[in-house]
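Enquirer: First the structure, then my questions, so here it is.
The values are calculated or read from the model by the stated rules, or taken from the named source; none is laboratory data. Everything numeric in this text was worked out from a predicted model, so none of it was measured. All Cβ positions, even for glycine, are placed from backbone atoms using ideal geometry, and neighbour counts span all protein chains on display. To get the accessible areas, we keep the full protein, side chains included, count just its heavy atoms, and leave off ligands, DNA and RNA. Shrake-Rupley method; radii C 1.70, N 1.55, O 1.52, S 1.80 Å.
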Amino acid sequence: QTPPTKRRATDDGFRTTEPVDGRRVLLIDDTFTSGASLQSAASRLALDGAEVVGAVVLGRFVRESWSNNQQFLQVMAEIPFSWDSCCVHVSGEE
């Protein structure tokens, strides 16, 4: 087992502890930073025969200095919070 490196996914980052061949799996991650851990887990499950049907992330860590995150945060700050819509996909937009 090789842990995912910082911000880089790997097929060997996780191992399955029981047979998953043919099983449908929903991944749940507590915090999404770069996506490397989530992608590594999905990759291992798929390689071991599971059908990864999706992922749910409970929190998102955004560092202003990465990529265009400062611009993203500025745009998100201008969108009012609503339980009825996603801040990234505003109602009526795709």
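Enquirer: Given the structure, is V20 surrounded by 12 or more Cβ atoms within 10 Å (Cβ to Cβ) and at pLDDT 90 or above?
Expert: So V20 fits the description; yes.
Enquirer: Could you say which residue among S34, S43 is small (G, A, S) and either part of a helix (DSSP H, G or I) or touching a Ser or Thr at 6+ places or on another chain (Cβ under 8 Å) (or both)?
Expert: Every option except S43 fails the conditions.
Enquirer: For the range 31-48, enumerate the residues that are charged (D, E, K, R) and either more than 15 Å from the chain's Cα centre (by Cα) or at pLDDT below 80 (or both).
Expert: Step one: list which residues in the range 31-48 are charged (D, E, K, R), which gives 44, 48.
Across the range 31-48, the qualifying residue is only D48.
Enquirer: Between residues in the range 39-65 that are on the phi > 0 side of the Ramachandran plot and residues that are not aliphatic (A, V, I, L, M), which pairs lie under 7 Å by C-beta distance while being six or more apart or on different chains?
Expert: The qualifying pairs are G49/D21; G49/G22.
Enquirer: Further question: Do you know which of the residues in the range 52-94 that are closer than 20 Å to G35 by Cβ and open to solvent by 100 Å² or more (accessible area, probe 1.4 Å) is modelled with the highest pLDDT?
Expert: Only one residue fits best here, namely L58.
Enquirer: Here's a follow-up. Which of the following residues is acidic (D, E) and over 19 Å from the mean Cα position of the chain (by Cα): E51, E64, E18?
Expert: Working: E51 fails: over 19 Å from the mean Cα position of the chain (by Cα); E64 fails: over 19 Å from the mean Cα position of the chain (by Cα).
Of E51, E64, E18, the one residue that is acidic (D, E) and over 19 Å from the mean Cα position of the chain (by Cα) is E18.
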